[in-house]
Amino acid sequence: MSVVARLTDGEIRPEILLEEFIAGASGAGAVVSFCGLARGTDHAGARVDRLRLDHHPRLTIRSLERIAVEGAARFGISHCLVVHRHGLIRPGETIVFVATASPHRRAAFDAADYLMDRLKTEAVFWKKEESEASGRWIEPTDADRAGRLRWGD
Amino acid sequence: MERFGPFLQLPVAEDGCSVSDLSRLLLERFPEVGQDALKGVRSAVADEIVTDDHHVAAGEEVEFFPLFSGG
């Protein structure tokens, strides 16, 4: 099993990551990927100019690694990649990229879904939606929490 | 959390105390902050997230964080 988690303040290029991931996923019969993008509006429709993701110098990467390792083990997938951005992020840019590979598709789909539910609720970040006029720290939504609870662990 | 400052030393018993004891000490020292300021606060010792009943040895460093946003 290959499990990799990375934290970066640079641009995430999903197309490059996916190509590399597929090339390295030897023996896999299925690859699933997910990209989370920064939105240009908040929950109320107001404009967001940038997203600020603060992180902890040690705990954040450890939380990503823990989620990736546990998610890969739970679904028995062969390869797992989690890449998460921190710092200032503009609308349309990728915040998170997840890829999973397994011999058959169901495990890869489920693992990617599970990884995202855990990342949305447990990854150690402090996230702020900023505009020229204001800023708002945000917490996981009820939908995020409900998504996490459906896995029963 | 910023109202407590970046680093603070608190007097504790020689055999240490729990994280929740430390929270109480913080509120005693900064009563103007109010109990709501600690709602949802998480803490870590030696780079591990810990619960309120975790025992902290005298001289050990505890980090307090506001509620995580998630990724």
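Tabulated data
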quantity	calculated
Amide hydrogen neighbours beyond the local backbone of residue A:37, cut-off 5 Å, H modeled	A:95
Number of partner chain Cβ atoms within 10 Å, mean per residue of A:120-127	5
Per-residue HN-Hα couplings for segment B:46-61 [Karplus 6.51, -1.76, 1.60; θ = phi - 60°; Hz; x = Gly/Pro]	6, 6, 10, 5, 10, 8, 4, 8, 4, 7, 10, 6, 4, x, 7, 9
Summed residue charge, Cβ within 13 Å of residue A:44's Cβ, Lys/Arg positive, Asp/Glu negative	+1
Trypsin sites (Lys or Arg not before Pro) restricted to segment A:75-153 and DSSP loop, no more than 12 other C-beta within 10 Å	A:150
Shape of chain B, Cα gyration tensor, a/c cut at 1.5	oblate
DSSP beta bridges in the protein assembly as shown [antiparallel fraction, %, rounded to 5]	85 percent
Amide H contacts under 5 Å for residue B:41, placed H, 5+ residues apart	none
Karplus-derived 3J(HN,Hα), 6.51/-1.76/1.60, for each residue of segment A:102-108, Hz, glycine and proline x	7, x, 10, 5, 4, 4, 5
Max mean-square fluctuation residue, GNM over chain A, Cα-Cα springs under 10 Å, options A:134, A:78, A:63	A:134
Amide proton proximity set for residue B:16, modelled H, under 5 Å, gap of 5+	B:58
Loop-located chymotrypsin sites (Phe, Trp or Tyr not before Pro) in segment B:1-69 whose Cβ has at most 11 other Cβ within 10 Å (DSSP)	B:7
Residues A:125, B:30 arranged by fewest to most Cβ contacts within 10 Å	B:30, A:125
Choice from A:68, A:38, A:111 with maximal GNM fluctuation in chain A (Cα, 10 Å cutoff)	A:38
Exposure proxy order (Cβ contacts within 10 Å, fewest to most) of A:138, A:16, A:95, A:77	A:16, A:138, A:95, A:77
Restricting segment A:102-152 to GluC sites (Glu not before Pro) in coil, as DSSP defines it, with at most 14 other Cβ within 10 Å	A:132
Per-residue ³J(HN,Hα) for segment A:58-75, Karplus 6.51 cos²θ - 1.76 cosθ + 1.60, θ = phi - 60°, Hz, x for Gly and Pro	10, 5, 5, 5, 5, 5, 5, 5, 5, 4, 5, 5, 5, x, 5, 5, 4, 9
Order of A:41, A:94 under a 10 Å beta carbon neighbour criterion, fewest first	A:41, A:94
Peptide B:62-69 - average C-beta neighbours from other chains (10 Å radius)	5
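Quick note: the coordinates plus some simple rules give every number you see, no bench work behind them. This structure is a prediction, so every number in the text was calculated from the model and none was measured. For neighbour counting, all protein chains shown are included, and Cβ atoms are generated from backbone atoms with ideal geometry for every residue, glycine included.
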